[in-house]
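Worksheet for the structure shown next.
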Amino acid sequence: MKKVNFVHLRTHSDYSMIDGLAKPSSLVKQAVFLDMVALGLTDINNLYGVIKFYNVSRSLGIKPIIGIDITILSDIIQNYFFRITLLAMNQTGYKNIIFLLSTSYQKGYPEDIGPSITLKDLIKYREGLIVLSGGLEGDIGKCILCNDFHLIQKNFYYFKKYFKNSYFLEIYRINDIREEEYLHKIKYVSKKFNLPLIVTHPVSFLKKKDFKVHKIRIAIHQRKTITDSKFLYSYTQEQFLKSEQEMCDLFSDFPDALKNSVEIAKRCNVIIPTGQYFLPNFDTKSIKIYDFFKQKISEGLEERLVEIFPNKLIRSKLRKKYDSRLCYEVSIIKKMGFISYFLIVMEFIMWAKNNDIPVGPGRGSGSGSLVAFVLKITELDPIKFGLLFERFLNPDRVSLPDFDIDFCMEKRDLVIEHVTEKYGRNSVAQIITFGTMAAKAVIRDVGRVLGYPYGFINRISKLVPLDPGMTLKKAFSKQKELISLYQEDSNVKILIDMAKKLEGIVRNVGKHAGGVVISPTIISDFSPLYCDSNGQNQVTQFDKNDIEYVGLVKFDFLGLKTLTIIDSCVKMINKKKKYNKKKIIDINKINLFDKKSFKLLRKSDTIAVFQLESKGMQDLIRRLKPDTFEDLIALVALFRPGPLQAGMVDNFINRKQGYEKISYPDEKWQHKTLKPILKSTYGIVLYQEQVMNIAQILAKYTPGQADILRRAMGKKDPKEMSEQRHFFEMGAKKNGICTILANKIFNLLEKFAAYGFNKSHSATYAFLSYQTLWLKSNYPEEFFASALNMELSNTNKIVILIQDIKKRNLKINPPDINRSNWNFFVDSDKTIIYGLGAIKGLGKSSIKIIESVRCNGQKPFKNFLDLCIRTFSKHFTRRVFERLIMSGACDSFKICRSKLFKNITYMMKIAKQYVVYLSSKQTSLFGTQQSLKNIFFKKKNCVSIKQQIKNFLNNECHYFWEKETLGFYFTGHPISIFLKELLIYTNGICLKDCLSKRKNKYIVVSGLIESVKIKLSTKKKKIYSLVLDDSCDTLDVVFFDIPSNVTEKILKRDVIVVVSGILQFDTFKNCYRVVAKRILDLETVRNTYIKKINIIILFDILLNEDILNFLFELFKKNNFGSIIINFFYSHRFSSLHPLFCTVWKLSMSNKIFRYLLELENLKYLKLKY
């Protein structure tokens, strides 16, 4: 047996986010490479990685030594924090470390120091612990370097008294400038106080060459550049994992201290148990838990059967299969010990429902449980939809149950708080997650730390695709430009090489989206806890996999905004129904055969419909034409990369539409017993449950064995699949099915199983999709108002929803200071009233004040001055009034927005004077109160015709104000007035017509440029990407380098252009686009193609000399073009004005043409061109 002379007891993994670099698994693998027998992991103030370290160590034959480097608040030196190392000798020591660590977080801590414990805490929970003094970072080290032997004695008194034979003076050599002085003095102290020395090596990275990467890691953590004078780096290049021989050579003058590291390793023997699950006790009072469980199931079954089968005779006839299925499920749940799990989930779901918190119908394989259905944990009948219990719980494959429960996003935390109160704050915690340095972010971090310019970093990081799970390796395989830059630019190579070494390293901690653990005792009996600096928001220090390893069961409390939308919508509907004394709706009991819903679905009108609103999904819907709920379940299952790429979707569509013969499952290889299983999917094996059913029917598998087959097909393990094939053939043979057919069907199952989906999950998602579809079909106004309220801060989404509202010709009013609230709502006339909360730059507090003032006064605001006066005491800023005016919320005052805007400051001043007057009654300043009112609230004079025309240009300004504050043009669109003209140039084609045109066809379109993006191709040429908007739809336009006819000045936002090019379908974005060949701005097109304009003058304008003068001056300034203007008017007015006596050849700008079009709208003239 190999003689061991040294063991590393102090190493930091990347879970030490302050200074660690290597993964726990990498540390262990390097230890194996260096022929070590044991290794200690002592991350700073955490045990995040201990389970992973423990498992990989045991699997590779390394003895794991578990400990932490922990911060201590000294009881001897005032306000002094120091760091020592605690190692667990046994289970008691391990639990004490967990408890001390949890306590240090729960009591709160300064963010610059981190969590800490006191010496009193340490002494109280010292059993099973070995203490290493911390070297230069410990209290002894500080006292030694300060030559304070009085304090040394006081500190030694503590440790010698309470840690007899378990306290060691730590020494290391890492080329620190103070260490030789320390070593000389500690040697003397060791002899004087008879305390043993121990050699350690504070490992922060794996290999010596990692030193520079480590420096960058620290700089990223400190948010400094490596050249910053404030950047603190106290590490040396010696802090890598050295071999045993290197350590022995380094400390040949301290042989006993080397030997002590081995002796400590021998004394540390922690076993972390696994394989047992610990559920909290569910209080059933005096009733036994099993009897209580059966009682709840019995009550729930009766309620569910009445819902499903209202007819008593039918209910009596069909209940047998429900009784039988329940009996089977209950026996398995009892056998596996999960009764309390079901009762716990049942309780908090019922609490949520009783407290008006929307709960989802279920998600995942849990919907396959009839017990869950009768306990009202889920809302879909698993027997009706062919969902299997074994997909959730399999007696032949012991695994934890896992209900994914969706709650309303806004109230989910209330349910977690309820569970915390019920089971105790020390027994409930959410689960930690770890943020890592991802591909795109790590490039930005490394570039910033190395001091590269922002533009350079941004250009490189943008080349990394946004795909989920993207890595730098994958990015190089997808982006040729990234490869060429890496090969050609040395700075890019340095940046990428460093980024690759840091990619995947733990950067921060977070909280699992919905994972909560409930412990039968305190959580720290199983896992250490992490809290924020205030000691709040506790989470486990073990992630979801490690939590399962130690035996705690995870409960998923997920937030789903769709539930909030549905709940809000149903409340709006039912409020009106109650008022009108009509029957209210229960969204979980709606008709699944609603014709209006499926008509809407087949039209792909699925904006805001859960899971069905993406472009790709809409395209699939158009092809599939679903007309039943089973089709909807299939639709959700089909829209995944596997089925789409494997051709399964095409087969499914062809069979449904009658283009392909339906076989069960294949024309050559089918069996009559498979038809009932595959009928709903037209003979296609789409669901995992179908694979399991086929195995049971065809090859006599038990339900549990069928689930194991399903898992084996998913894993594709050759050995396991060979065994399953043999078992399948033997079972089929017993059923009288020939081996050849059995083998062929097994092949087909194996092929389809690679893409098979969990039907339980698909069915529950389809149910949510159907609920939103049903609401949109039957109560569109309430549905859209609810959907808009969930997107108040998401302008892009609001734009999409408003476009859909307008497309459906539903009524929606713009923001109104006298009607609008924070949220959108539907009035008695079925008109959606715009929510003030969707106005950009307008805070919730300001809106709530407006609502309060309006409500308290019990009357609307009379005018803008009244608004200023009544909100004066609320200290509204000018910006609030600006946003209200710009968004159109003050249009009800019947005054031009521009005029109101210009007078905001004046109105605020007058409001202040008025409020002062009311409070002081200083009549000498304003005279009587009545005369003051006359001044403030006097009526406005009528606006002249000339002023109407001059004000028209303000409308364009108003449109852009709406765009700025609302995110889109609401009351009008800058392009609207030109649409008739644009249709001439585009041969009558609008942007929405592009969907019905053939791909790769030459097309002319027009629109206002909404956005412009420019990027470089691999050949350094510019690629322009525009989004055109014509008020009805939007369309992407792309072109490579600027065409010869285009100047960059027209490639700007809000310019109206006419584009000629090839219509294509962008498979990446799942939408149509035009690859442009030519782009012209509207003014250029107009002055090129229009030769003359005939203006027919109507009688009224001839009587208004101001308008004629205005047009004369306007034309006079632009009489240098090619467009001939002809006037047609009554002969007797021919000599009245020089406008009609001049030869006009105009350069027709948008401004001039807009005036003419407005005069036409005002019925003063007619245009023909």
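The values are calculated or read from the model by the stated rules, or taken from the named source; none is laboratory data. All values reported here derive from a predicted model rather than from experimental measurement. As a convention, Cβ positions derive from the backbone with ideal geometry for all residues, glycine included, and neighbour counts pool all protein chains shown.
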Task: Residues within the stretch 21-75 that are outside any loop (DSSP other than H, G, I, E, B), hydroxyl-bearing (S, T, Y) and surrounded by 19 or more Cβ atoms within 10 Å (Cβ to Cβ), tallied - done: 4
Open item on the list: within 22 Å of M790 (Cα to Cα), out of contact with any helix residue (DSSP H, G or I) (no Cβ under 9 Å at 6 or more places or on another chain) and not β-branched (V, I, T): which single residue out of K571, K575 fits that description?
Closed with: K575
- [ ] Kindly indicate which of E127, E137 is closer than 19 Å to G40 by Cβ and either modelled with pLDDT under 90 or charged (D, E, K, R) (or both).
- [x] E137
Open item on the list: I'd like to check which helices (runs of 4 or more DSSP H) are fully inside the stretch 305-392 and have at least 2 residues that are within 28 Å of the chain's Cα centre (by Cα).
Closed with: 339-354
Open item on the list: Kindly evaluate N55 against the criterion of being out of contact with any Leu (no Cβ under 8 Å at 6 or more places or on another chain), closer than 29 Å to T118 by Cβ, of a type outside the set (K, R) and touching a residue at least 60 places away in the same chain (Cβ under 8 Å).
Closed with: no
Open item on the list: Taking the conditions exactly as written (free of Cβ contacts under 8 Å to residues at least 40 places away in the same chain, surrounded by 16 or more Cβ atoms within 10 Å (Cβ to Cβ), over 19 Å from K23 (Cβ atoms) and of a type in the set (S, T, N, Q)), does Q479 satisfy them or not?
Closed with: yes
Task: Any helices (runs of 4 or more DSSP H) falling wholly within the stretch 675-749 and containing at least 1 residues that are touching a Ser or Thr at 6+ places or on another chain (Cβ under 7 Å) and of a type outside the set (F, W, Y) - done: 688-699, 718-734
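Conditions tested, residue by residue: (1) within 22 Å of K95 (Cα to Cα); (2) within 47 Å of the chain's Cα centre (by Cα); (3) basic (K, R).
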| residue | (1), (2), (3) |
| --- | --- |
| G134 | yes, yes, no |
| N165 | yes, no, no |
| F168 | yes, no, no |
| Y182 | no, no, no |
| Y188 | no, no, no |
Open item on the list: What pairs come out if I take residues in the stretch 688-710 that are without any contact (Cβ under 8 Å) to a residue 40 or more places away in the chain and on the phi < 0 side of the Ramachandran plot and pair them with residues that are part of a helix (DSSP H, G or I) and of a type in the set (S, T, N, Q) whose C-beta lies under 6 Å away, six or more apart or interchain?
Closed with: I697/T673; L709/Q724
Task: Matching helices (runs of 4 or more DSSP H) fully within the stretch 837-923 where at least 2 residues are touching a Leu at 6+ places or on another chain (Cβ under 8 Å) and not assigned by TED's automatic domain parsing to the domain that holds I817 - done: none
TODO: Considering each residue of the stretch 406-429, count those that are closer than 13 Å to P280 by Cα and among the aromatic types (F, W, Y), and give that number.
DONE: 1
TODO: Only residues that are part of a strand (DSSP E or B) and either of a type in the set (G, A, S) or within 19 Å of D827 (Cβ to Cβ) (or both): list them for the stretch 549-588, please.
DONE: G559
- [ ] Report those strands (runs of 3 or more DSSP E) wholly inside the stretch 947-1046 carrying at least 2 residues which are at pLDDT below 80.
- [x] 1001-1016
- [ ] Could you list, in sequence order, all residues of the stretch 750-776 that are in contact with a Pro (Cβ under 6 Å, 6 or more places away or on another chain) and either outside any helix (DSSP H, G or I) or not assigned by TED's automatic domain parsing to the domain that holds S597 (or both)?
- [x] Y755
TODO: Would you tally the residues in the stretch 261-291 being among the β-branched types (V, I, T) and either touching a His at 6+ places or on another chain (Cβ under 6 Å) or assigned to a loop (DSSP other than H, G, I, E, B) (or both)?
DONE: 6
- [ ] Answer with yes or no whether G469 is on the phi > 0 side of the Ramachandran plot, free of Cβ contacts under 8 Å to residues at least 12 places away in the same chain and surrounded by fewer than 14 Cβ atoms within 10 Å (Cβ to Cβ).
- [x] yes
Open item on the list: If I ask for residues that are surrounded by 20 or more Cβ atoms within 10 Å (Cβ to Cβ) and closer than 13 Å to M470 by Cβ, which ones from the stretch 441-452 would you list?
Closed with: V442, I443
Open item on the list: Being of a type in the set (F, W, Y) and free of Cβ contacts under 8 Å to residues at least 40 places away in the same chain is the filter here; which residues of the stretch 58-104 pass it?
Closed with: F81
TODO: Just one of (1) farther than 28 Å from P361 by Cα; (2) buried (at least 20 other Cβ atoms within 10 Å of the Cβ) trips up K759, so point out which.
DONE: (1)
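F309: among the aromatic types (F, W, Y) and in contact with a Ser or Thr (Cβ under 7 Å, 6 or more places away or on another chain), yes or no?
no
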TODO: Identify the residue in the stretch 851-889 that is of a type in the set (S, T, Y) and without any contact (Cβ under 8 Å) to a residue 60 or more places away in the chain and, among all such residues, is farthest from P814 (Cα to Cα).
DONE: S873
TODO: Within the stretch 215-260, count every residue that is closer than 18 Å to V199 by Cα, assigned to a loop (DSSP other than H, G, I, E, B) and among the hydrophobic types (A, V, I, L, M, F, W, C).
DONE: 3
Task: Check on I653, touching a Leu at 6+ places or on another chain (Cβ under 8 Å), over 22 Å from M713 (Cα atoms) and assigned by TED's automatic domain parsing to the domain that holds K596 - done: yes
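Taking D283, is it under 38 Å from the mean Cα position of the chain (by Cα) and either over 20 Å from D404 (Cα atoms) or in contact (Cβ under 8 Å) with a residue 60 or more places away in the chain (or both)?
Against the criterion (under 38 Å from the mean Cα position of the chain (by Cα) and either over 20 Å from D404 (Cα atoms) or in contact (Cβ under 8 Å) with a residue 60 or more places away in the chain (or both)), D283 qualifies.
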Task: Unique residue being outside any loop (DSSP other than H, G, I, E, B) and surrounded by 20 or more Cβ atoms within 10 Å (Cβ to Cβ) when the list is D631, D650, D619 - done: D631
Task: helices (runs of 4 or more DSSP H) within the stretch 104-199 that include 1 or more residues under 22 Å from F251 (Cα atoms) and assigned by TED's automatic domain parsing to the domain that holds D43 - done: 139-145, 179-193
Task: Near pairs, Cβ below 7 angstrom, 6+ apart or cross-chain, from the stretch 31-49 (at pLDDT 95 or above) to any residue that is among the basic types (K, R) and in a strand (DSSP E or B) - done: V37/K63; A38/K63
- [ ] Hey, could you check the stretch 482-505 for residues that are touching a residue at least 60 places away in the same chain (Cβ under 8 Å) and outside any helix (DSSP H, G or I) and say which is nearest to the chain's Cα centre (by Cα)?
- [x] G504
